[in-house]
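In what follows, a structure is listed as structure tokens, so that the remarks can point back to it.
All of the numbers you see were taken from the coordinates with simple rules; none came from a lab. Since this is a predicted model, take the numbers as computed values, not measurements. Every residue, glycine among them, receives a Cβ derived from its backbone with ideal geometry; neighbour counts consider all protein chains shown.
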Amino acid sequence: MKNRADILAVLKSRKMVVAIAAIIITVLLADMFVGRWQEAIIKEKEAAIKRLEAQAFRMLSVDIRDITETIDISQTGRYEAIVRIDNVGEEPAYLTQPSVKAYIQTGAISWTQVPIAEKPGEKQEQVYKVAEGTLLFRKILTVPRRLPYNKYLIPKYMHVRFYITMDVLPESGFKEGEVVERKSDIYVYLKPYWISAKEIAKTIAFGETKIPVYMPISAFRNWNDVK
């Protein structure tokens with residue numbers, strides 16, 4: 001009887017060891033599965049971010065397409081500026097409404113922020129889809145009359161910096177950790193509305209060219225050939 005009891009005790013002990021071992025193995029396997037699952041999610045997010053970064057910084061082109069004087073600019077000081085966003089990639093991109101700030105160079109290294117707002121009546125969306133093509137956003141830029149400004153490189157013209165930010169996101173919409181912010185600095189030359197084209201023509205040799213309201217930096221040429 002004693003030997004039988006000892007045998008049963010040993011068997012019971014072994015069963016307990018096996019059960020404990022099975023539990024430990026199950027926990028380890030579950031932990032390994034969860035770890036690989038989490039690793040796969042992280043890699044998927046990293047790949048999504050890389051795709052968005054490629055779209056934001058390689059596939060999307062952000063620029064100022066045009067700036068014109070409004071009809072009542074002499075009273076209001078308002079210009080209409082058009083922000084242009086082009087998608088040069090093969091896949092559609094999804095982005096938020098661009099946020100635009102404007103600054104005028106008023107000293108050797110100093111800039112003064114001036115008001116810029118959405119053009120009244122412009123339709124606004126939470127998310128814009130741009131395939132192969134262009135999106136245009138119209139803004140109203142207000143410049144105080146006779147604002148003291150640095151002449152910079154082109155006589156008479158103001159040196160203006162546009163700071164444009166927007167979020168690029170996946171097609172599925174906003175996802176935590178899967179949004180890329182695109183920031184762009186764009187510099188242009190802008191004709192002060194209180195200076196006439198005739199006055200500028202006396203200083204700068206534009207030739208047959210109409211005195212422009214604005215000139216992008218990319219179109220800059222040597223305007224030191226003054227009269």
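Can you sort Thr209, Thr142 by how many other beta carbons sit within 10 Å, fewest first?
Thr209, Thr142
Rounded to the nearest 0.05, what FRET efficiency do Ser99 and Ala22 have when you use their Cβ-Cβ distance and R0 = 45 Å?
After rounding, the FRET efficiency stands at 0.20.
Using θ = phi - 60° and the Karplus curve 6.51 cos²θ - 1.76 cosθ + 1.60, what whole-Hz ³J(HN,Hα) does each residue of region 183-195 get, with Gly and Pro shown as x?
10, 9, 10, 10, 10, 9, 9, 10, 6, x, 5, 8, 10
Could you tell me how many cubic angstrom of Cα convex hull volume region 61-219 has per residue?
134
Taking a 22 Å limit on the Cα-Cα distance, which of the listed pairs Lys119/Lys210; Lys101/Lys183; Lys101/Lys139; Lys156/Lys183 fall beyond it?
Violating the 22 Å Cα-Cα cut-off are Lys119/Lys210; Lys156/Lys183.
Highest first, please rank the peptides 156-164, 195-203, 73-81 by the mean number of other Cβ atoms sitting within 10 Å of their residues.
Listed from highest to lowest mean packing, they are 156-164, 73-81, 195-203.
What is the calculated FRET efficiency for Thr68 to Asn150, with r their C-beta to C-beta distance and R₀ = 35 Å, to the nearest 0.05?
0.90
Given +1 on the Cβ of Lys and Arg, -1 on the Cβ of Asp and Glu, and no further charges, what dipole in debye does region 61-219 carry about its Cα centre, rounded to the nearest 20?
1080
Go through region 158-163 residue by residue and turn each phi into a ³J(HN,Hα) via Karplus (6.51, -1.76, 1.60, θ = phi - 60°); whole Hz please, and just put x for glycine and proline.
7, 9, 10, 10, 9, 10
Can you work out the Karplus-derived ³J(HN,Hα) for every residue in region 128-135? Use 6.51 cos²θ - 1.76 cosθ + 1.60 with θ = phi - 60°, whole Hz, and x for glycine or proline.
Ordered by residue, 3J(HN,Hα) equals 10, 9, 10, 8, 6, x, 9, 10 Hz.
May I ask for the Kirkwood hydrodynamic radius of region 68-154, worked out over all distinct Cα pairs and given in angstroms to one decimal?
Result for region 68-154 stands at 15.1 Å.
Using Cα-Cα distances under 8 Å and only pairs 6 or more residues apart, what relative contact order does region 61-219 have, in percent?
25
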